[in-house]
Each structure stands twice: as structure tokens, then as C-alpha cells.
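Visitor: Sending over a structure as C-alpha cells; questions will come in a sec.
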Amino acid sequence: MIKDKRDYWVMTILETKTFCGKMCGASCGIIVTVEDGKITDIKGDPDYPPTRGFICAKGRVFPELVYHPDRITRPLIRDGPRGSGQWREISTENALEYIKEKINAITKEYGSETVVLHRGAHRNDLVTDMLIRLGKAIGTPNIANLDNVCSMARVFADNYTYGTKSFPDTVTPSKCILVWGRNSLETGSESMINIFPAAKRNKARLLVIDPRKTSIAAQATQWIKPKPSSDGYLALALIKTIIDEEIYDADFVTNWTIGFDKLRQLVSEYSYEMLSEAIWIPVTDFKRFARTYATTKPASIQTGNPIDQTPNAFHTARLISLLRAITGNLDAPGGDYLTNLSPIRNLQDTPDKSNKPMIGKEYVIASDAYLTPSQETFKAALTGKPYPVKASILMGTNPLLTYPNTEKTREAMLKLDLIVAVEYFQTETTEIADIILPAAPQNEYEDLSPRPGHINTRPKLVEPPGEARSDIQWINLLAEALGVGDQFWETEEQVFDYVLEPIGRTYRELVENGTHWMPRHYHKHLSTGFNTPSGKVEIYSKRLAEKGISPLPKIIHQATNTEEYPLVLTTGKDYYSYHSSWRQLPSLRKRSREPYVELHPETIKQHGLEEDGYAVIETKEGSITQRVKSNPSLDPRIVYAAFGWGKKANLNRLTSGDTPLCPAMGAVTHRGIPCRINPKSHNR
């Protein structure tokens, strides 16, 4: 409050246009109201083009995170055995000193590569590059995160095929939108949800691929329900139809692709009947679907996480990349736009002191990008191969919920000499940590958000409580403590000024002037070619062949069902959480109180279950218990379990980090797992 000339108190109210910061994977435009130094309201910004006022349930309740009574606000050190729940507060200086002494001792005895830096869901868009910079500076190549099962297979597939990432055009309306394995009305909404009103006015066809009837599937012109994890075979079926019926874009294929004849040969090796059996979709249905997509132009494709979570992750994503290209929808208005990357400085530009290859180096596409497959680090902790892991620094990640095979993950973590977690709240993983550092959410620090085609800022609006800091600032402080501070900065703003120098702007100028937009151009390939060695879309990729990866997409069979495990397990996102986050926020928890396993009514009856009762779901790895919910839209062979819940409902008690893994990404299987289901008995 401030005092006015009449000598009574007046409340100050400030509304700031900014961007939602990682309540989910998007960065939607929002307006934040601050009253007397406290955030009191969040609403969508109608003037921000990609979202035009949209805000999801998670974004609205952001103040509940900022002012939650259970937030960790000061560093904590374990004051008893791991898992005892005994903690005491210490100063930031003492916490950093403790970490320094432990890491120095570990490095001296075992080597710097035995320290692993982990990143979960992004809390800052630049935190991955900052962690890679820190890893290079201290001599570890192991920067583990879950991108090997979340998004990066699709990014790298586009990069190896066209030279850059593609996105649905958000400016020119499409005549056909294919939504594959995502519910764009409920998740990751930036640049995804805003295209639907315009498409509807344009009388666009909406094609949806999902085994479950989501809110977007309910609005579809055509909706097909594949077997979970069969997306690679489905992509082959669509491409085969398009090639056999000659409804591809012949001019584009002739002039702008390499290897089309090899693709034709590849799909000829599959019969329609074999593909139909693999994907659980009648031949007539997937042929009709393919025809609609290929002949309704312009068309765009949106994809989701199910693509990334099988041993076929990279090659499935490659096939979808090829679908865009052979139909002539690439780099075209209303199709899939090739983004202009932000011309900013790469924070990875520091000397690399690592003298050993990263764990999981055999997954060459991931390893080239300093992406250590998450589960491989804890395998090394258990086996000592290729060398032991002795320390984990965890930023916004909860491995005991999000890494496969929870029991082995826990066993591995308990073998570590040091676990440091940067977190908002106590989690299943912080329970066994040695040090917890308090994390700050958006608007409690300065933040830069480079997005495809533009750069946003999230200015600091309120003070963080206690000693909470951004992930970027904790990295700066850790670097200083570990003796490499000369390669880092004192503040976030200094980091951003360094990053923005190539475009001739400072962070503060960007805050004052608003979003920095890159020029948008269509048909760029006509003048510059594609950003590949050949200058064309590389259906057949020599670059991949040189790395030991199949130059044509190669789909492998996954585990098949048996008499013992006759059903197919899959999962998906909960609208009211972000992976394993936000269960602590009251407004969201009221709407999603507990984990439900969704089953077809026939499946419930056949297995002796009761709706709203409890079921035990089992795989070869273990068993969990979730509540039963009827969903008639599901195939009776599917078990659709909830993800991101703790204790006895934890889905990753059912998953495995073992082979087969995606040869490019090291992706594990989270979809299409053979399972069985039974009523919960009283002794379980």
C-alpha cells in the first residue's frame, strides 16, 4: 500500500501482460493482477495471437502454487536416515558448501562423470542448456531428462527429414487438421487450440487418432481408435494408401524429396490385412482416413506424447514427418509451417571438460544432443556400467513417479552418495534426498521464453518467499560453489542479455517492447531449399545411416499379449495435473481426487469388477491399485490407467526400463504393455 496526500492508505493494483510459465508445457498469454505486492488474479490475454484469451484450469490457479502453505522456502538438509522425514533448515551458503564438499569428494574418488544432472518438466525454457553448460564446466556428460520419452523424438525426426521442426500453421486456417495422440483442447494449448475456431469457420475436416473418446475426438469428422503403441504401423498404413492410390503430391515428391522410391518399396512389403491386424482398425476405415487427409488441402498435423513412448518412437515420428511432406502440406500456408529458430546465443558454448562418453551413448540421436536417457543413469548406479553413478542433482523432476520401474529406480537412488532436489514441495523423491533447495515459480524471478518463431519474457512481479530461487539462479550458484563461476553469471537477467546479444536487444528492452517476432515466410524451400545436406526432404537419410540408424523408418514388433497377460495397458494425461505435478493445489485436486483406471463395461463385467470399486492392475514388473471407471469408448482389450499418482497407484511400478528401447532415443515402453486386471482382494 502507499500513502496518498489525504493521509490514508490506498491499495496499489497492477495488471501486467505476461505468459504462463510451465503450469503445463505451453506458454499462453496471460494478464496477472498484483494487489499490494500479491498476485490475486490470472486471466487470459485476448491480444496475444497464439492463444487469444485462452487459459486452462492449471493456469488459473497459479496463485495457489505461489501462496501454498506447504511450499519449501528454505534449504533443508536431511537430519536422519533417508526416508525418515527428518529435516532441518540451513542457509543457502551452508547448503551450497555441503554440496560442494560432497561433489568434490565424489569427483576425486570416482570421477566427475559420476555426477548426473537431471531435468524434469521445464520450469525455465533455458534450464536444459544451462545444465549442459554446467555439466561441461564440471566435467560430466550426463544431463538426464525425460525428453527421450517426451517430444524430442518428434523434434529430431523433423530435423533429420527437413532440417527444422514443423508446427501447424497458426495464421492461415487449415482445411483439414489431423490430431494424433493428443487432446489439443486440454493440453499444451499454445499455438494448438487457437487454430480450431478459425478452422471451424473454414469448414475444415477434423481427423482424430486416439484409442479413447476425448473432448476433441467427440468433435471429429473422422475418428479412428488404434491399438496403443501401434502408431508406427498406422503411419505405414496411411502412407501405403496414399502411395498405392497415387494421391500424394507428385510435383513436390519429384522435385523436393530424396528416397521416395525406397519408401514405396518399404510400404509394399506390408499387406493391408497385416497392418489392419496390427492397429485394430478395419482396412476400409484407415483408407478412408488417409484419403481425407491427403486430398483435403491445406492440412496440418498435431502430435502428442504417445508417439514418443515406445521402442518405435523415432521411426514413428519420422513416418509422420514424411506424411506431411509427400502430401505437399509442408512449408505451405495452412499446412505445417517450418519454424524460424530464434537467432539467439547457445548457452552450451563453453569448453567441455568431460573425458568419458555419456551413459547411453549408443542411443546416438539423443546422445548427440546431450540427452542422457533418464532410466540409463540409474541402471549405471545399480550395475556400475559403463561406470558408476554417485550423485544426482534433480531440478523439477520426481523419478520415483516418472522414471520406469519404480522399485529399481528407488534401489538405485538409495545407492547414491548425494541426492540434491530443487523443488516446490516435498515429493516421493525428496523424501530420500540429502539436500532440498527451494524452487521459485514464474513471476518470482525474471525469465526469458524463446518459442518457435518468437521470444517472450516473464518479468518478475512479486518477491519469492524465504530463499526460493529460479532453477537458472540455482545453477549459477552451484557453478560458483563448484569453482566454475567464471563461466556463469550473477543474475538471470545477465544470462538473458548474453543469450539475446545476437539480435541486438537486452532483456529489459524486450520486457518493455513485448514479444519479439521472427519473420514468417511460406514456401521458403523454393528459394533456399531445405536445411538438409541435400537441400531436399530426406526420406532416405544418409546422415542416419552414418550413425547406425536405419535410413528408412523401421518399425519393430513390441511385446505381444499372452494368456497370462491378455489385456493392453496404456495411459494419458490428466487435464488437472502436469505429469506428476499440481496434485497439491486444492482447486485442481477437487476436480481430480484420485486415480481411476478406465475400462469398457464388458471388461468390468468379464473380470468381476465393479464401477467405482478398486482393481489391481498387473504386469510382469509389478502391480498397482486404482479405482474403476466405465468408459464405453474404449476397446474391451484396453486398460487405460491413470499416470502421475503416488504410492500403490503409481503407474511406473508396471513399466520397465529394459529392452527393447528406441535405438535412436533410448525411449522406453509406456504404452501397449501386456497386462491383466482383477478385483482388489482384502489382503492386498
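Visitor: Give the Cα extents of the stretch 180-303 along the principal axes, in whole Å, largest first.
Guide: Answer, in whole Å and largest first: 39, 34, 23 Å.
Visitor: Once you have a ≥ b ≥ c as the square roots of the Cα gyration tensor eigenvalues for the stretch 310-349, tell me rounded if a/c is under 1.5, and otherwise prolate or oblate according to whether a/b is larger than b/c.
Guide: It is oblate, given that a/c is not under 1.5 and a/b is not larger than b/c.
Visitor: I would also like to ask the following. Could you give each residue of the stretch 582-593 its phi-based ³J(HN,Hα) in whole Hz, using Karplus coefficients 6.51, -1.76, 1.60 with θ = phi - 60°, and x for Gly or Pro?
Guide: Computed from phi, the couplings for the stretch 582-593 are 6, 5, 7, 8, x, 5, 6, 5, 4, 8, 9, 7 Hz.
Visitor: Follow-up. Check G44: other-chain or 5+ apart residues with amide H under 5 Å from its amide H, H built from backbone geometry?
Guide: It is I31, by chain and number.
Visitor: Taking amide hydrogens as modeled 1.01 Å from N in the peptide plane, which residues meet the under 5 Å criterion relative to Q302, leaving out close sequence neighbours?
Guide: Here L178, V179, W180 satisfy the definition.
Visitor: Another question about this same structure. Hey, got the dipole for the stretch 66-213? About the Cα centre, +1 on K and R Cβ, -1 on D and E Cβ, debye to the nearest 20?
Guide: Computed charge dipole of the stretch 66-213: roughly 700 debye.
Visitor: Here is a further query. Using per-residue counts of other Cβ atoms within 10 Å, averaged over each peptide, order 140-146, 103-109, 292-298 from highest down.
Guide: Ranking the peptides 140-146, 103-109, 292-298 by packing returns 140-146, 292-298, 103-109.
Visitor: Taking K and R as +1 and D and E as -1, what net charge do the other residues with C-beta under 14 Å from the C-beta of Y576 add up to?
Guide: Around Y576, the charge tally is +4.
Visitor: Can I ask one more? With θ set to phi - 60° and the Karplus curve 6.51 cos²θ - 1.76 cosθ + 1.60, what are the ³J(HN,Hα) couplings of the stretch 668-678 in order, to the nearest whole Hz, using x for Gly and Pro?
Guide: 3J(HN,Hα) across the stretch 668-678, in whole Hz: 9, 8, 10, 10, x, 8, x, 8, 9, 9, 9.
Visitor: So what's the gap between the Cα centers of the stretch 604-655 and the stretch 448-471, to the nearest angstrom?
Guide: About 38 Å separates the Cα centre of the stretch 604-655 from the one of the stretch 448-471.
Visitor: May I ask you to work out the translational diffusion coefficient for the stretch 530-684 at 37 °C, viscosity 0.692 mPa s, via Stokes-Einstein with Rh from the Kirkwood sum over Cα pairs, reported in whole µm²/s?
Guide: 184 µm²/s
Visitor: Average projected area of the Cα convex hull of the chain, in nm²?
Guide: Averaged projected hull area, Cα only: 31.5 nm².
Visitor: Let me ask something additional. Roughly how many whole Å is it from the C-alpha centroid of the stretch 577-599 to that of the stretch 195-226?
Guide: Their Cα centres are 25 Å away from one another.
Visitor: Another question, if that's okay. Taking 0.36 nm per residue of sequence separation and subtracting the Cα-Cα distance, how much length would be gained by fully extending the chain between E269 and L382, in nm to one decimal?
Guide: 36.5 nm
Visitor: Also: Quickly work out the V155-to-N561 label distance, labels modelled 7 Å from Cα along the C-beta direction, and quote it in nm with one decimal.
Guide: My value for the distance between the label points is 3.6 nm.
Visitor: Expressed as a whole percentage, what fraction of the accessible surface of the chain belongs to carbon and sulfur atoms when a 1.4 Å probe is rolled over the protein heavy atoms?
Guide: Heavy-atom surface of the chain belonging to carbon and sulfur, 1.4 Å probe: 48 percent.
Visitor: Using the alpha carbons of the stretch 402-478, what is the convex hull volume per residue in cubic angstrom, as a whole number?
Guide: Value for the stretch 402-478: 121 Å³ per residue.
Visitor: With the Cα gyration tensor of the stretch 561-602 giving a ≥ b ≥ c as the square roots of its eigenvalues, does the rule (a/c under 1.5 for rounded; else a/b larger than b/c for prolate; else oblate) give rounded, prolate or oblate?
Guide: prolate
Visitor: Right, next: Out of all DSSP beta bridges in the chain, what portion is antiparallel? Express it as a percent rounded to 5.
Guide: Beta bridges within the chain, antiparallel portion: roughly 50 percent.
Visitor: Does the stretch 481-588 come out rounded, prolate or oblate, given a ≥ b ≥ c as the square roots of the eigenvalues of its C-alpha gyration tensor, rounded meaning a/c under 1.5 and, failing that, prolate meaning a/b above b/c?
Guide: Taking the square roots of the gyration eigenvalues as a ≥ b ≥ c, the stretch 481-588 is oblate.
Visitor: For the stretch 574-625, count the residues as N, evaluate 2.2 N^0.38 Å, and divide the Cα radius of gyration by that value, please.
Guide: 1.39
Visitor: Explain nothing, just the number: dipole magnitude of the chain about its Cα centre with +1 on each Lys and Arg Cβ and -1 on each Asp and Glu Cβ, in debye rounded to the nearest 20.
Guide: The dipole of the chain has a size of about 1360 debye.
Visitor: Moving to a separate point now. Would you mind getting the accessible area per residue of the chain, heavy atoms of the protein chains only, 1.4 Å probe, in Å²?
Guide: Per-residue value: 39 Å².
Visitor: Sort 665-673, 263-271 by the packing proxy (mean of other Cβ within 10 Å over each peptide's residues), most packed first.
Guide: 665-673, 263-271
Visitor: Give me the Debye-computed log₁₀ of I(q)/I(0) at q = 0.18, 0.27 Å⁻¹ for the stretch 593-666, equal point scatterers on Cα only, no solvent, two decimals.
Guide: Results for the stretch 593-666 at q = 0.18, 0.27 Å⁻¹ read -0.73, -1.21.
Visitor: Expressed as a fraction of 2.2 N^0.38 Å, the rule-of-thumb size for a compact globular protein of N residues, what is the C-alpha radius of gyration of the stretch 354-447?
Guide: Compared with the compact-globule rule of thumb, the stretch 354-447 sits at 1.17.
Visitor: In whole Hz, what ³J(HN,Hα) sequence does the stretch 443-458 give by Karplus (6.51, -1.76, 1.60; θ = phi - 60°), x for Gly and Pro?
Guide: Values, residue by residue: 6, 9, 7, 7, 8, 10, 10, x, 10, x, x, 6, 10, 10, 10, 10 Hz.
Visitor: Of the listed pairs K415/K547; K356/K379; K390/K554; K390/K547, which have alpha-carbon separations greater than 28 Å here?
Guide: Pairs exceeding 28 Å: K415/K547; K390/K554; K390/K547.
The values are calculated or read from the model by the stated rules, or taken from the named source; none is laboratory data. Keep in mind it's a predicted model, so treat the numbers as computed, not measured. So basically every Cβ, Gly included, is an ideal-geometry build from the backbone, and we count neighbours across all protein chains shown. All accessible areas refer to the heavy atoms of the entire protein, side chains included, with ligands and DNA or RNA removed. Shrake-Rupley method; radii C 1.70, N 1.55, O 1.52, S 1.80 Å.
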